[in-house]
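All remarks here apply to the structure that follows.
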Amino acid sequence: MTNYKLTLCYDGSRYRGWQRQGNCENSIQALVERALSRLLEQEIEVSGSGRTDAGVHARRQVCSFRAETPLTPEELLARLRAVLPEDVGALALEEAPPRFHARLSCTEKTYVYRIWNSPLPDVFERKYRLALPEQLDEAAMRRAADLLCGEHDFAAFCSLKHPKKSTVRELRRIGITREGDELRLSFTGDGFLYNMVRILTGTLLQVGMGQRSADDMSEILASRSRENAGPTAPAKGLILWELRYDGRAN
């Protein structure tokens, strides 16, 4: 039985997220499992690096699975590309070490949130950016971002009311960059809680619009209460951007 590492990209607009959920077949995980199971004529279960929410996109998503097949990785990759829909792409497939696991072996993740910060209509990228015409105080947003970085209990930035596991995470970097009228927020950490990046984004945008102070971040973290953080930003602006395994970008 060979262990495989599969790298995907996808437009999450019409899917219920990454994770297979009960009888719901409209997830990326379920789609990929069906395709591989048909191609390999055996039941395939894939494990992803993380669970992207409904409507969230991925520039890079890694999953792992085990299978027995005479096909080379190159042959299987070509066949998989031929059967996947146009909004899901198979970028790479390779044999992985026996103990490799897409989630457990991942050491760092980066998400990017894209904002169209202009009064002009965003016709062609509207499915992938949040339109926000208000002028933003980017300096205040950066001050707030600095206070959020580090190892903290991010319970206030999680949508689950009663998380079963620890809500402590290390948020290593938050980048705030502008490319013309597009503002990009990038979040790099060792892992993220449910809706965490979208809540961080909503909170930083409130700071940018003058609706709360950058200095509020420490109090929000200490409160561990979701009610004290900002709104959950829409899913469409969020992209799983990059993953790292053993220090190498994927």
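We did not get these values from a lab; they are worked out from the coordinates using the rules stated. All values reported here derive from a predicted model rather than from experimental measurement. Cβ placement follows ideal geometry from the backbone for every residue including glycine, while neighbour counts extend to all protein chains displayed.
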> Do you know the relative contact order of region 1-52, to the nearest whole percent, from alpha carbon pairs under 8 angstrom that are 6+ apart?
Replying inline: 28
> How high is the FRET efficiency from Glu43 to Asp87, r the C-beta distance, R0 30 Å, rounded to 0.05?
Replying inline: 0.75
> Net charge near Leu77, counting Lys/Arg +1 and Asp/Glu -1 over other residues with Cβ under 12 Å of its Cβ?
Replying inline: -1
>> Using Cα-Cα distances under 8 Å and only pairs 6 or more residues apart, what relative contact order does the chain have, in percent?
In response: 24
> Fully extended, how many nm does the chain gain between Arg59 and Arg103 (0.36 nm per residue separation, minus their Cα-Cα distance)?
Replying inline: 14.2 nm
> Where in region 86-120 does the label zone of Asn3 land, with the point 7 angstrom along Cα→C-beta and an amide N cut-off under 18 Å?
Replying inline: 93-108
>> Test of the criteria: in region 136-206, which chymotrypsin sites (Phe, Trp or Tyr not before Pro) are in a DSSP loop and have at most 16 other Cβ atoms within 10 angstrom of their Cβ?
In response: Tyr194
> Along the Cα-to-C-beta direction of Gln19, a point sits 7 Å from the Cα; which residues of region 85-117 have their amide N less than 18 Å from that point?
Replying inline: 102-106
